[in-house]
There are 2 protein chains.
Amino acid sequence: MKLDDLAAGVLAGERRSVARAISLVEDGSTELPALSELLYPNTGRAQTVGLTGSPGVGKSSLAEQLVRAGRSRGRTMAVLAIDPTSPFSGGALLGDRLRMQAHATDPGVFIRSMATRGHLGGMALAAPEAIRILDASGKDLVIVETVGVGQAEVEVASATDTTLVVVQPGWGDAVQASKAGILEIADVFVVNKADRGGAGDAVRDLRNMLRMGPKVDWGPPIVKTSAVSGEGIDELWDAIEQHRKQGEASGDRQARRRRRVIDEVKSMVAFRLGERAAIRLRQDSGGLAADLEAREIDPYRAAEILLKGVAGSNDAGEATIGERNG
Amino acid sequence: MKLDDLAAGVLAGERRSVARAISLVEDGSTELPALSELLYPNTGRAQTVGLTGSPGVGKSSLAEQLVRAGRSRGRTMAVLAIDPTSPFSGGALLGDRLRMQAHATDPGVFIRSMATRGHLGGMALAAPEAIRILDASGKDLVIVETVGVGQAEVEVASATDTTLVVVQPGWGDAVQASKAGILEIADVFVVNKADRGGAGDAVRDLRNMLRMGPKVDWGPPIVKTSAVSGEGIDELWDAIEQHRKQGEASGDRQARRRRRVIDEVKSMVAFRLGERAAIRLRQDSGGLAADLEAREIDPYRAAEILLKGVAGSNDAGEATIGERNG
């Protein structure tokens, strides 16, 4: 398929084109910059929602419930599940396939899990590009779901307009959520599996932990949900809408988006130059790498030498930005 | 304290110097390169052991049991707990302080949690430097414990000589471990909390998942432990020793260490150049950043322009490695 046709297909919201474009992201294709150029002017319309929490708290079912809630309100929906690519799980998640079936014939829904095989600097670079494809395809709301709960996952889930942090009763307690470093990124807390006992305790624990944190403009609401009974899904939808409106009114959303794209460009530059440095380090047979191994030179010094090699003599950062048409 | 004295203190294994050196890492101090130069020739002796698994599986108690096991065998031990720095947890973990007390008067043990505040590219860069400090201080075995379980945590835990992956009965099941992408990094599996029911099931599930994975030289053993009763800790110790011996004999350990230090230098270079690019992007008022926001230029194109600015004209990577004495 020609790239112009692919871009046109994405913009028309064609399922096959969207799937193919996301595969290009997954594979770290060299065609991405050209595709990005065609799609980027048509992005920025979708509301993006991050969904994170420990494995097993029910993020996938919750995403599915949000899709239903959105559809019943006439909104088009996309779910992007970021899979950390275990060779054991084979790339696609079981739940993904199950959920797919329920919405397989609805053109207003696109659900996809994306493996990040280390191309492009992993999920931190792949996720925003895939989100933009879904955005450009005309979906009103894009849900980004991470499987694990770690530094990189937290970064991906928080690189959205509204971040949901999901816990479950007895998931440990609020101390575990706190230890995982995910309390402070939440715009909305979800205590899922509220049909089981202990949801009230989890809400109380979260409230107590939040009280210990810094004061902020937006105090994250805590919503109890049950993906089984559908309890609380309407409240969750309203909380997301509320956060969107507040962000638009205060300018927070705009500011957050601006920071995000700068961070992304920075990561791209860093990743590419890091790759360049690694290639040199490997090519430099009998040189730096051997000296490092023999402990004749330490990593900082090696990095400094490579920096000079990669970045030329512009070491103090005085050089001006390159020509726009360069 | 002068840097020479600090380095001498670390090499003498003085607790205060070691603590202070790790604080420098935590703070992203500009003195690190100079300190690293002094310590690096004295590293490489310690066996490093990574410990990862979902929050709440009992990694901290397991680390403490391994410290006891090592001490009873006359080995000196260090534990480095990587804290993803929640403002809610205040940096130091509760369990850390409790464990500290049991070994507070034993000069053969050093336990420390380290917050990574985003300096130096986060835990991926901070952890190896802190590990080297503990190595240089003369500890025989350095245990690195991560709190979360995500891409970055998995990378840190697997950047060691021997990686332990801890699960608990009913932690979900092996499918959850598989989804979290941590099966393939394990050199040894630990099914902790074996005093509770269901440990046998967890072992069986893991075995089944492993059978589906790629064939490897070292088939990771699965050890059942209980931090409460001490069950299985001796077996775990033996499994770690076994892995060390096999790695030394096969050359795997050496090869793994070589890849690790190259990855680290690459990350350092990438991080520094990324920072440089971000500064330019911010300084370039009314330019690139505004064009990005107005969607007149896409992130790939912006990255390309910055790459030219940061890396000079050495765009095709043809430039030679800089002068060693440069």
Fewest first, what order do B:Asp284, A:Asp217 take by the number of other Cβ atoms within 10 Å? A:Asp217, B:Asp284
Taking other Cβ within 10 Å of each residue's Cβ, how do A:Val203, B:Val165 sort, fewest first? A:Val203, B:Val165
Looking at the range B:25-82, which trypsin sites (Lys or Arg not before Pro) are DSSP coil and have at most 14 other C-beta atoms within 10 Å of their C-beta? B:Arg45, B:Arg73
Of the listed pairs A:Lys59/A:Lys245; B:Lys139/B:Lys245; A:Lys193/B:Lys193; A:Lys139/A:Lys266; A:Lys266/B:Lys266; B:Lys2/B:Lys139, those with alpha carbons more than 20 Å apart are A:Lys59/A:Lys245; A:Lys193/B:Lys193; A:Lys139/A:Lys266; B:Lys2/B:Lys139
Nonlocal amide H pairs with A:Val223, under 5 Å, H built at 1.01 Å: A:Phe189, A:Val190, A:Val191
What ranking of A:Trp237, A:Trp218 emerges when the number of other C-beta atoms within 10 Å of each C-beta is taken as an exposure proxy, fewest first? A:Trp218, A:Trp237
Let me check I've understood the local charge: for B:Leu164, count other residues with C-beta under 12 angstrom from its C-beta, Lys and Arg +1, Asp and Glu -1. What total comes out? -2
Over all residues in A:290-301, what is the mean tally of Cβ atoms on other chains that come within 10 Å of each residue's Cβ? 6
List the distances, in nm to one decimal, from the label point of A:Arg196 to the label points of the same position in every other copy, shortest first, placing each label point 7 Å from Cα along the Cα-to-Cβ direction. 1.1
Residue-count net charge about A:Arg257 - beta-carbon cut-off 13 Å; Lys, Arg +1, Asp, Glu -1: +2
Please get the size of the charge dipole for the range B:184-251, origin at its Cα centre, with Cβ charges of +1 on Lys and Arg and -1 on Asp and Glu, quoted in debye to the nearest 20. 260 debye
Label-point separation, A:Asp140 to B:Trp218 (7 Å along Cα→Cβ), nm: 5.3 nm
Residue separation times 0.36 nm, minus the C-alpha to C-alpha distance between A:Glu37 and A:Gln242: what's the value? 70.6 nm
What trypsin sites (Lys or Arg not before Pro) in the range B:183-276 are in a loop by DSSP, with at most 16 other Cβ atoms within 10 Å of the Cβ? B:Arg196, B:Lys215
Per residue of B:54-65, count partner chain C-beta atoms within 10 Å of its C-beta, then hand back the mean as an integer. 3
May I ask you to report, in nm to one decimal and beginning with the shortest, the distances from A:Asp234 to the same position in the other copies, taking label points 7 Å along Cα-to-Cβ? 6.3
For A:Arg207, which inter-copy label distances result when the label point lies 7 Å beyond Cα on the Cα-to-Cβ vector, reported in nm to one decimal and in ascending order? 4.8
At R0 = 56 Å, how high is the FRET efficiency between B:Gln254 and A:Arg258 if r is their beta carbon distance? Nearest 0.05 is fine. 0.75
Inter-chain shielding metric for A:257-267, i.e. average beta-carbon neighbours from other chains within 10 angstrom, reads 6
Calculate, in nm to one decimal, what A:Arg73 and A:Ala8 gain on full extension: separation in residues at 0.36 nm each, minus their alpha carbon distance. 20.7 nm
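None of the figures in this text is laboratory data; all of them are computed from the coordinates on show. Since the structure is predicted, the reported quantities are computational estimates derived from the model, not experimental observations. Glycine also receives a Cβ, built like all others from the backbone with ideal geometry; neighbour counts cover every protein chain displayed.
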